[in-house]
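Undergrad: Please read through the structure below; I'll follow up with questions.
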Amino acid sequence: MVVPLLFALLQSSCCTGNPEPDPQTGKIAFTFEHTVNGFPVDYDTMIYQNEAGNPYLVDNIQYFVSDFKLWQKGNYQLLDGWEDIHYVDTDIPGTWQYKPADDIDSGTYDSITFVFGITGEKNKSFMFVNPPESYMFWPEYLGGGYHYLKLNGKWKDPQQVVRPFNFHLGIGQQYNDDGEITGFIQNWFTVNLPGSAILVSTGATTQVTIVMNVEQWFKEPNVWDFNHWGGDIMENQEAMHTAVENGHNVFTIKTE
């Protein structure tokens, strides 16, 4: 009969054709650690001293990272599947790991970059409605959106008085001679992780540990003196710009 013969031919064609190859992809997971001078941060203890000679302690650290890119021979893959902005909080262990949903082509990647903070086009007020991210709001009159960083602690001034500091980064402001805000400045920056070549294997998850070296915020290229800048810098663009310049040296890859 014609119909069974046609079915057999179609079935034979289906079974002997070249099937689509399975995708050769893997995953990546980032873990965030925080150190001072190579050791895990010892919080709420006045045991540290920065390059300016300021004794200081760290209470907690909260920040956003976003727009991770894996670079390969001048091209990159942007990790933006479902969650392209990640919040890290030293008080919340569940935030210390970021697992992008993206499938990543297997192979060797030359380096990793990411944005510290949130880029201007993304940093919109009220996009986070629940804590803890919502607690990172940046006041509307200062530019809106969200903090890039809250590094909170205390330092001891020359009179041995312990003073609080809020080392906070976000959108900066321009002022006229009357002290009125006339414009805003984006202070987010791209971090180029040194020594961040990785191999992504098919069907496996590549683990990458990123370390925030806290002392670097106060070290280079600018020596940070709390006695000069004071405890609050949110409305001081010169201070925030100085901190941003130091921020490029803050993150490294942990190697075993």
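Just so you know, all these numbers are worked out from the coordinates, no wet-lab data involved. No experiment lies behind these values; they were computed from the predicted model shown. Quick reminder, even Gly has a Cβ in these numbers, built from the backbone with ideal geometry, and neighbours come from all protein chains shown.
Undergrad: Apply the Karplus parameterisation 6.51 cos²θ - 1.76 cosθ + 1.60, with θ equal to phi minus 60°, to every residue of segment 195-210 and state each ³J(HN,Hα) to the nearest whole Hz, in sequence, with x for glycine and proline.
TA: x, 9, 5, 9, 10, 9, 9, 4, x, 10, 10, 7, 9, 10, 9, 9
Undergrad: Could you give me the radius of gyration and the Dmax of segment 77-124, taking only the C-alpha atoms into account and expressing both in angstrom?
TA: 12.8, 35
Undergrad: Please grab the % of Cα pairs in segment 25-69 that end up more than 15 Å from each other.
TA: Working: 588 of 990 pairs.
When all Cα pairs of segment 25-69 are counted, 59 percent exceed 15 Å.
Undergrad: Label-point separation (nm) for Thr31 and Phe189, each offset 7 Å from Cα along Cα-to-Cβ?
TA: Roughly 2.8 nm, to one decimal.
Undergrad: Please tell me which of these pairs span more than 22 angstrom C-alpha to C-alpha: Lys69/Lys219; Lys154/Lys219; Lys99/Lys122; Lys73/Lys122; Lys69/Lys122?
TA: On the way: Lys69/Lys219 27 Å; Lys154/Lys219 17 Å; Lys99/Lys122 20 Å; Lys73/Lys122 28 Å; Lys69/Lys122 16 Å.
Going by Cα-Cα distance, Lys69/Lys219; Lys73/Lys122 fall outside the 22 Å limit.
Undergrad: Among the GluC sites (Glu not before Pro) within segment 105-196, which fall in a DSSP loop and have no more than 10 other Cβ atoms within 10 Å of their own Cβ? Each step should come with its number before you reach the end.
TA: On the way: sites: Glu121, Glu133, Glu140, Glu180; in loops: Glu121, Glu180.
In loop regions of segment 105-196 (DSSP not H, G, I, E or B), the sparsely surrounded GluC sites (Glu not before Pro) are Glu121, Glu180.
Undergrad: Okay, moving on. Using modelled amide H (1.01 Å from N, peptide plane; none on Pro or chain starts), what sits under 5 Å from the amide H of His34, excluding residues fewer than 5 places away?
TA: Long-range HN contacts for His34: Val41, Met212.
Undergrad: Still on this model: Against the empirical 2.2 N^0.38 Å scaling, what ratio does the C-alpha Rg of segment 27-112 come to?
TA: Values: Rg = 16.7 Å, N = 86, 2.2 N^0.38 = 12.0 Å.
Rg over 2.2 N^0.38 Å, computed on Cα atoms: 1.40.
Undergrad: Relative contact order for the chain using alpha-carbon pairs under 8 Å, separation at least 6, rounded to a whole percent? Display every interim value, and only then the final one.
TA: Details: 540 pairs, mean separation 61.3, N = 256.
Worked out over the chain, it gives 24 percent.
Undergrad: Quick one: check the C-alpha center-to-center distance for segment 92-147 versus segment 21-70, whole angstrom.
TA: Comparing the Cα centres of segment 92-147 and segment 21-70, I get a distance of 15 Å.
Undergrad: Right, something else. How big is the chain on each of its three principal axes, counting only the C-alpha atoms and giving the largest first in Å?
TA: If we take the Cα atoms of the chain, the spans are 102, 44, 34 Å.
Undergrad: Moving on. If you wrap segment 58-190's Cα atoms in a convex hull and average its projection over all directions, what's the area in nm²? It would help to have the intermediate numbers written out before the result.
TA: Details: hull surface 46.7 nm².
Mean projected area of the Cα convex hull: 11.7 nm².
Undergrad: On to the next question. Using a 7 Å offset from the Cα along the Cα-to-Cβ direction at both Asp59 and Asp178, what is the distance between the two label points in nm, to one decimal?
TA: 3.6
Undergrad: Then there is this: Using θ = phi - 60° and the Karplus form 6.51 cos²θ - 1.76 cosθ + 1.60, what ³J(HN,Hα) does each residue of segment 138-149 get, whole Hz, x for Gly and Pro?
TA: Going residue by residue, I get 10, x, 4, 5, 9, x, x, x, 9, 3, 7, 8 Hz, with x marking Gly and Pro.
Undergrad: Taking only the alpha-carbon atoms of segment 109-152, what semi-axes of the equivalent ellipsoid follow from 5 times the gyration tensor eigenvalues under a square root, in whole Å, largest first?
TA: Values: eigenvalues 102, 30, 24 Å².
Equivalent ellipsoid semi-axes, largest first: 23, 12, 11 Å.
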